[in-house]
Amino acid sequence: MLEGLMQHDFPLTTQTVLRRMRTVGAAGRAVTLEGDGVSSASYAEVGSRIDRLCAALAGLGVGPGDRVATFSWNNQQHLELYLGVPCMGAVLHTLNIRLFPEQLTYVANHAEDKVVVVDGSLVPLIAKVAGSFETVEHWVVIGDADASALPGEVLRYEDLLAGAPAGFAYPDLDDRTAAGLCYTSGTTGNPKGVLYSHRSNVLHSLASCLADTLGIGADDRVLPVVPMFHANAWGLPYACGFTGASLVMPGRFLQGEPLAKLIESERVTVAAGVPTIWMDMLRYADEAKPDLSSLRVVICGGAAVPLSLMQAFEERHGVKIVQAWGMTEMSPLGSVAAPPADAEGEEHWDYRSRAGRLVPLVEARLVDDDGAEVAWDGESTGELQVRGPWVASSYYEDPSDADKFDSGWLRTGDIAAIDDRGFVRITDRAKDVIKSGGEWISSVDLENELMAHPDVVEAAVIAKPDERWTERPLACVVLREGCACSADDLCAHLRDRVAKWWVPDEYAFIDEVPKTSVGKFDKKVLRARLSDGDLGERVTVEVASAR
């Protein structure tokens, strides 16, 4: 073998992100929305604070491989931890603030967290379970909130930094070393840990900067509404560190009005968040008409993005929403729905409504129920499986992962088709698909069409038992306040949009679709309510369910 004469031993670690951020990107800024305005610091200043943070953590006994947990909103201090903890050789464990108490206890003890850094506003929340964290030696609080409810000695974040030396000797790290730990949202069973490496974080961040993915550049001002405790905030903190793009962080203010005002005042160019965030933003924007003209793109993911939401933003506010797909196990980026240049009219919007084109270095296959691969013809479906340098190979310290990984491939649990251009169309989750009379009905497609109705705020479709057809779709719908929309109106709306036998023959009108800890529709809760007979007002209508 003739080897290339390249510096193959150059480590791809997050230290490269930090070095570039504090030099080439030194003028970039970390902006945080506070209760009475914004705080701001240059990346050069942030880099100096990271040095002090690492020295302070080392002084607390944090060493290679130790887990440092965060329980915080998106803010400058969280960004400092994002860079500092892995760069010093420790592992950043982002605790999801919306997990159930018993799940928080499980993940903190399973990860064996040594230090927990908690935002002052969240102290009352974590204090309820802090006594059950078995391995935590130090609690560090951001801000000056009362922390007396936390066990043991409480340290203050700013005091730690103020008392630490100005420099830090960063260790040499192998790029396969663990850098971050994020647990799945745990919709079934205990959450499962995904252990990211330095190499996976760096390659994922570089991919995020590609023009056909998220296209993050030095002149961007990026607003990650997606929480930093969820799947690396979709890699945006590291991508911004690499390019020098400024980060505009919303803190705890995640409603339509404060977000819109933040976009206006800080001239945000890129924003990212789950569909429920942008649904709320659309309602506010329609009423208040904020200036959103600085936005060149909004990245939306975490759940299927309604086509009606994308079209409404573009037509009424000139804001382009681009759908992306991925998973915690994928760091999370897998595909982005940037349509081909030659796609126009309905074809353009068809591409926009898909999960998107596979990102470079992510490979995929479709597998049917018999284990055979399915052709990429845009129509044939199978379970979507993926592999790549930022895709998990197993879960952290969890022997129950055998069903999730197949010969080097991650089983996503999504049912999908892929066309010859590499565009993925997800038709359903394997656990959510509805099989009626031997034929599949896509709950995702039904939800998108229901939410295209002007009186529908949210819609989730689940299977209900049916004596004749085995299963039929049940539409759980949240209506706009004050509207007079009926089940018959919704049936009429769907008749020209889906196959006639897809149209639900029963509707449940509910106050809100339950959400998971990361903002996805939680159909597990709806199925449990259906089983318990506690699904609110239900209306049955006559539809043509025959094939």
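Within the same chain, lysines fewer than 8 places from LYS320 are excluded, and of the rest, those with a Cα less than 24 Å from its Cα are LYS261, LYS289, LYS520.
For segment 343-367, the residues whose amide N sits under 15 Å from a probe point set 7 Å from the Cα of ASP406 along the beta carbon direction are 364-367. Placing R0 at 30 angstrom, the Cβ-Cβ distance between ARG538 and LYS500 gives a FRET efficiency of 0.90 after rounding to 0.05. If you find the alpha carbon centre of segment 271-299 and of segment 46-64, how far apart are they in angstrom? So the separation of the two Cα centres works out to 37 Å. Between ALA528 and THR23, the contour length at 0.36 nm per residue exceeds the Cα-Cα span by 176.4 nm. Of VAL461, VAL498, the sequence from fewest to most neighbouring Cβ atoms within 10 angstrom is VAL498, VAL461. The ranking of LEU282, LEU99 by Cβ neighbour count inside 10 Å, starting from the fewest, reads LEU282, LEU99. Database remark: amide H of ASP522 closer than 5 angstrom to the amide H of LYS515, THR516 (H placed geometrically; neighbours at sequence offset of 5 or more, or on other chains; Pro and chain starts carry no H). Does segment 1-150 come out rounded, prolate or oblate, given a ≥ b ≥ c as the square roots of the eigenvalues of its C-alpha gyration tensor, rounded meaning a/c under 1.5 and, failing that, prolate meaning a/b above b/c? Judged from the Cα gyration tensor, segment 1-150 comes out oblate (a/c at least 1.5, b/c at or above a/b).
Once both labels are positioned 7 Å from their Cα atoms along Cα-to-Cβ, the gap between ALA211 and LEU361 label points is 2.0 nm.
Computed extension length for MET1-GLU512: 177.8 nm, one decimal, from 0.36 nm per residue of separation with the Cα-Cα distance subtracted.
A crude spin-label estimate for the pair GLU112 and GLU471, with each label 7 Å from Cα along the Cβ direction, gives 4.1 nm.
Taking each DSSP H run with n ≥ 4 as -39500 (n - 2.57) and averaging over every residue of the chain yields -8500 deg cm²/dmol at 222 nm.
The calculated FRET efficiency for ARG267 paired with GLU344, based on their beta-carbon distance and R0 = 35 Å, is about 0.70.
The ranking of GLU537, GLU383, GLU329 by Cβ neighbour count inside 10 Å, starting from the fewest, reads GLU537, GLU383, GLU329. Placing +1 on the Cβ of every Lys and Arg and -1 on the Cβ of every Asp and Glu, with nothing else charged, gives segment 361-431 a dipole about its Cα centre of roughly 280 debye. Note on GLU397/ASP368: beta-carbon distance plugged into 1/(1 + (r/R0)^6) with R0 of 35 Å gives a FRET efficiency of 0.60. For SER293 and ALA169, the difference between the fully extended length at 0.36 nm per residue and the C-alpha to C-alpha distance is 40.3 nm. Shown in residue order for segment 164-174 are the 3J(HN,Hα) couplings computed by the Karplus curve 6.51 cos²θ - 1.76 cosθ + 1.60 at θ = phi - 60°: 9, x, 6, x, 8, 8, 6, x, 6, 10, 6 Hz (x for Gly and Pro).
Throughout, read-outs are computed from the coordinates displayed, never taken from laboratory work. Keep in mind that what you see is a predicted model, and the values were worked out from it rather than measured. So basically every Cβ, Gly included, is an ideal-geometry build from the backbone, and we count neighbours across all protein chains shown.
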